[in-house]
Every structure is written in C-alpha cells, then in structure tokens.
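To start, the structure itself, in structure tokens.
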Amino acid sequence: DTAVSQTPKYLVTQMGNDKSIKCEQNLGHDTMYWYKQDSKKFLKIMFSYNNKELIINETVPNRFSPKSPDKAHLNLHINSLELGDSAVYFCASSQVEGNEQFFGPGTRLTVL
Amino acid sequence: TQLLEQSPQFLSIQEGENLTVYCNSSSVFSSLQWYRQEPGEGPVLLVTVVTGGEVKKLKRLTFQFGDARKDSSLHITAAQPGDTGLYLCAPHYTGGFKTIFGAGTRLFVKA
C-alpha cells in the first residue's frame, strides 16, 4: 500500500484556471505538508498542518490554500493559476513535526 | 531567519571516488536529517542525527553532526552510479517551520 499518495501525477492547465491537488496518507500521521520544487530543485515549504495548527509560509501567495477534510487528507487548492506556478508539488507527512517525513510521488503542474 | 547553505551545489565524479557534501547554518539545530531524492520521486530519509559530534554510518555513507550543532557533513566512500541523486539536508529548528530543506547537492556518479 502506498503510504502517501497524490493525484493527479501530471496536471496541465491554462493560466487563470483554478485547480486542486489531492493528498492522502495512510500512516496515521498527525502532521502533513505541502512543498513546491522548482526547476532548480529547491524544495520550498508552503504549509505545515496538523489538527491544531496551520503554519503558512508568508511568501506563498494567498491564491494557494490548503484544505483538510480529515486527518488523513490535505488537499492543495490553487486559484487563478499563473505561469510561475509551474513546478512539482510534493505532499508529505510525519508523525510530529521534526520527525521523518514521508513524501508522495509529486504532482507536476504545468501552466500554459 | 535561519541561513542554510549546502555545498557543493553540483558534483560529477567517477565511480570509485570519494566525496563530501556539507550543510551549514547560522543557527543551532535541535536535530538534522539527510534525504536523497531520485529523479521523478519524492525525497527519502537516509538518517537523522541528534547529538552534537554524532557520527552515523549507513554502508558507504558516513554522516557527521558538528559539535556545535550548526553544521553537518555527508561522506560517501567509493561512490557508485546508484548513488546518483539529489542530497538534501533538513535541519530541525525550534521555532516557526521546524524543518527547512537545504538547496541540495546534485550528485552524478559516472560508471
């Protein structure tokens, strides 16, 4: 069974559209994360979230919003997509912050 | 704001050579993790170091945590093509985002 799964694997869309990326973890972890990895492979934290606290990287535009329907899911919703949003987005989870993070396979987003 | 640097950014070596990758910060870490990421996949944990001066070995990989807990190194002995990948250090701090990833070292080992 896949520990952290993301859908879709690839997402190609037009500028201005709204899209969502889904993430699910079956590890029973309390904390989930979203990262953006650009073409230079820099892995930038966007959000970390547990059932008590959402920490937002202040450099992330408010067009990006995490939504957690339950402890096992943390979806990423993006409004008004821009060319610069093109990147690979990784979801991850850990038991608590600071512990080993388990990453999903990534979603490659291309904005045309 | 924590300043985190990884070096070198890119390394291309022949099979059998040794190499060292460095991770340095302006702040003290409570612990540090090293991850490896292969193309098309997410990062995977290699090791966690917690105590200043700690040395851990994972087959041909040796990880060291600096005495002052502000730096770490990863040494690979007799590199193999299978070691090719992006190596990321991830210090754990006590405030804000507790884990930050370095910019990474891209290693390419030629057969």
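The values are calculated or read from the model by the stated rules, or taken from the named source; none is laboratory data. The shown structure was predicted, so the numbers you read here are calculated from the model rather than taken from an experiment. Cβ: placed from backbone, ideal geometry, glycine included. Neighbour counts: every protein chain shown. These accessible areas exclude ligands, DNA and RNA; they are computed on the full protein's heavy atoms, side chains included. Shrake-Rupley method; radii C 1.70, N 1.55, O 1.52, S 1.80 Å.
Counting only protein heavy atoms and using a 1.4 Å probe, what share of the accessible area of the range B:23-108 belongs to carbon plus sulfur, as a whole percent?
Reported share for carbon and sulfur atoms: 53 percent.
Using alpha carbon coordinates only, what is the Rg to Rh ratio of the range A:42-98, with Rh defined as the Kirkwood radius?
Using Cα coordinates only, the ratio equals 0.94.
When only alpha-carbon atoms count, how far does the range B:52-107 stretch along each of its three principal axes, as whole angstroms with the largest first?
Extents along the principal axes, in whole Å: 38, 23, 13.
If the cut-off is 26 Å between C-alpha atoms, which lysines fall inside it for A:Lys36, apart from same-chain ones fewer than 8 positions away?
Candidates past the 8-residue exclusion: A:Lys9, A:Lys19, A:Lys22, A:Lys44, A:Lys52, A:Lys67, A:Lys71, B:Lys70, B:Lys98.
How about the range A:25-112: which GluC sites (Glu not before Pro) there lie in a loop by DSSP and see at most 14 other Cβ atoms within 10 Å?
A:Glu53, A:Glu58, A:Glu82
So what is the diffusion coefficient of chain B in µm² per second by Stokes-Einstein at 20 °C and 1.002 mPa s, using a Kirkwood Rh over Cα pairs?
The diffusion coefficient I find is 153 µm²/s.
Can you pull the semi-axes for the range A:73-112, root of five times each eigenvalue of the Cα gyration tensor, sorted largest first, whole Å?
For the range A:73-112, the semi-axes come out at 25, 11, 8 Å.
Under a 1.4 Å probe, what is the accessible area of chain B per residue, stated in Å²?
48
To the nearest 100 Å², how much accessible surface do chains A and B hide from each other in total, with a 1.4 Å probe?
So the total buried area for this chain pair works out to about 1600 Å².
Sort largest first and round to whole Å: the equivalent ellipsoid semi-axes of the protein assembly as shown, each the square root of five times a Cα gyration tensor eigenvalue.
30, 20, 16
Would you look at the GNM of chain B, springs on alpha carbons closer than 10 Å, and say which of B:Pro81, B:Pro39, B:Pro91 moves the most?
Most flexible of the set in this elastic network: B:Pro39.
What range in chain A is the longest one free of trypsin sites (Lys or Arg not before Pro) that are in a loop by DSSP and have at most 10 other Cβ atoms within 10 angstrom?
After excluding every exposed loop site, the longest remaining stretch is A:53-112.
In whole percent, what relative contact order does chain A give with Cα contacts below 8 Å and a gap of six or more residues?
Normalised by residue count, the contact order of chain A is 38 percent.
Across 5 Å bins from 0, what is the distribution of all Cα-Cα pair distances for chain A, in whole percents?
Reading the bins upward from 0: 2, 13, 24, 27, 19, 10, 4, 1.
Taking accessible area as the heavy-atom solvent-accessible surface of the protein chains with a 1.4 Å probe, which residues of the range A:88-112 lose no less than 50 Å² upon going from the isolated chain to the full protein assembly?
A:Glu97, A:Gly98, A:Glu100, A:Gln101, A:Phe103
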